[in-house]
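Each remark here refers to the structure printed beneath this line.
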Amino acid sequence: MEYRQLGASGLRVPVLSFGAATFGGTGPLFSAWGTSDAAEARRLVDICLEAGVNLFDTADVYSNGASEEVLAEAIKGRRDQVLISTKTGLPLGDGPADWGVSRSRLIAAVDASLKRLGTDHIDILQLHAFDAHTPAEELLATLDTLVAQGKVRHTGVSNYPGWQLMKALAAADRHGWPRFVAHQVYYSLIGRAYEADLMPLAADQGIGALVWSPLGWGRLTGKIGRNRPVPAGSRLHDTEQFAPPVSEEHLYKVIDALEAVAEETGKTVPQVAINWLLQRPTVSSVIIGARNEEQLRQNLSAVGWSLTRAQVAALDTASDVLPPYPHTPYRQQEGFARLNPAIV
């Protein structure tokens with residue numbers, strides 16, 4: 001297993017990490033993702049650790065805390081061997097104190113996660129989404145306190161707009177508070193919007209990408225393709241309403257290219273899709289999920305080899321879409337590109 005620095009921090013993380021959203025499996029969304037209990041989760045953790053994957057990602061909103069509780073059972077007795085990443089901020093109820101990252105809500109959420117996880121510290125705490133109601137200074141001062149108390153080791157965000165992330169980093173620098181070092185983002189061959197603003201920001205500011213849904217919400221598993229619609233029984237039938245959108249023709253164009261490269265390499269479509277991500281700038285770790293041992297072992301085989309330049313180029317071409325204004329001119333006109341070659 002290869003390990004990389006998490007952004008500009010001193011923390012080294014595996015290039016593949018395990019997403020525990022399938023643990024617990026309660027609620028309309030998460031029960032469709034997976035329903036691993038403690039015994040099943042422990043076996044998946046065993047396989048991960050054998051392969052060198054020691055970073056496990058969860059969130060308080062996953063199965064209303066059950067994911068954190070199951071993960072705690074799965075790692076019991078080996079906390080010193082693992083890194084725990086969890087997220088908070090999304091609503092856990094309808095009350096005024098059930099959502100967001102205000103000082104009181106954030107302190108209470110971290111204490112609740114620590115209790116469910118059965119640990120005294122969180123290695124990477126990420127804010128699950130931008131909270132427009134909480135000033136950046138209040139949020140960052142609270143995180144500074146949590147870090148000073150030893151409850152949190154590193155901080156990051158998830159699904160943040162670039163301007164708000166940069167605003168928070170500037171405030172942290174101004175006051176001497178800990179900087180965010182991670183951004184958990186959606187990034188895949190059928191979802192490359194991360195590259196327009198967030199990737200250049202991450203490269204400039206030392207923010208490591210933790211990639212969620214590298215298989216495009218289950219659409220790059222190799223089970224879907226031209227003349228191969230979503231099979232009966234697929235979880236996509238239950239979760240598609242939550243999926244990042246992609247046009248059918250673009251999806252099939254990318255899948256065609258993936259299948260061609262998979263045939264050349266002798267690898268599977270998902271292995272090729274994950275390997276492509278591992279060669280992208282700013283990516284520290286790709287979060288893989290699995291509902292069973294077979295899926296996990298298949299995804300773990302995405303490392304230990306590399307696509308050729310020609311194969312990467314073929315996938316780049318098939319998956320490329322013009323970014324929105326004002327990024328489009330940099331791609332289309334030489335004069336603009338010469339000004340900012342790093343973002344082309």
- For the chain, how big is the tail of P(r) above 30 Å, as a whole percent of Cα pairs? 35 percent
- Query: What's the FRET efficiency of ASP256 with ILE107 using the Cβ-Cβ distance as r and R₀ = 56 Å, to the nearest 0.05?
  - Reply: 0.65
- What share of the DSSP beta bridges in the range 3-316 is antiparallel, in percent to the nearest 5? 15 percent
- Query: Which chymotrypsin sites (Phe, Trp or Tyr not before Pro) does the range 215-308 hold that lie in a coil by DSSP with at most 12 other beta carbons within 10 Å?
  - Reply: TRP305
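Under the √(5λ) rule applied to the eigenvalues of the Cα gyration tensor, what semi-axes describe the equivalent ellipsoid of the range 60-140? Give them in Å, descending.
Ellipsoid semi-axes (Å, largest first): 24, 14, 9.
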- Task: Have a look at GLY266, ALA209, PRO245 and report the one farthest towards the positive end of the charge dipole of the range 184-271, computed about the Cα centre with Cβ charges (Lys/Arg +1, Asp/Glu -1).
- Result: GLY266
- Task: Report, by chain and number, residues whose modeled amide H sits under 5 Å from the one on ILE288, excluding near sequence neighbours (fewer than 5 apart, same chain).
- Result: SER17, PHE18, GLY19
- Once Lys and Arg get +1 and Asp and Glu get -1 on their Cβ, which of GLY176, LEU106, GLN279 lies farthest toward the positive end of the dipole of the range 3-316? GLN279
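Calculate, for the range 3-316, the solvent-accessible area per residue in square angstrom, rolling a 1.4 angstrom probe over the heavy atoms of the protein chains.
Details: 12950 Å² over 314 residues.
Ligands and nucleic acids excluded, the result is 41 Å² per residue.
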- At ASP320 and VAL230, where each label point lies 7 Å from the Cα along Cα→Cβ, what is the point-to-point distance in nanometres? 3.0 nm
- Got a number for carbon plus sulfur as a percent of the chain's accessible area, 1.4 Å probe? 53 percent
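How large is the dipole of the range 3-316 about the Cα centre if only Lys and Arg carry +1 and Asp and Glu carry -1, each at its Cβ, rounded to the nearest 20 debye?
With only Lys, Arg, Asp and Glu charged at Cβ, the dipole is about 420 debye.
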- Item | GLU50-GLU240 pseudo-label distance in nm [points 7 Å out on the Cα-to-Cβ vector] | 3.6 nm
- Item | Ellipticity estimate at 222 nm from DSSP helix runs (n ≥ 4, -39,500 (n - 2.57)) divided over the chain, nearest 500 | -12000 deg cm²/dmol
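The values are calculated or read from the model by the stated rules, or taken from the named source; none is laboratory data. These figures come from a predicted structure and were not determined experimentally. Methodologically, a virtual Cβ is constructed for each residue, glycine included, from the backbone with ideal geometry; neighbour enumeration extends over all protein chains shown. All accessible areas refer to the heavy atoms of the entire protein, side chains included, with ligands and DNA or RNA removed. Shrake-Rupley method; radii C 1.70, N 1.55, O 1.52, S 1.80 Å.
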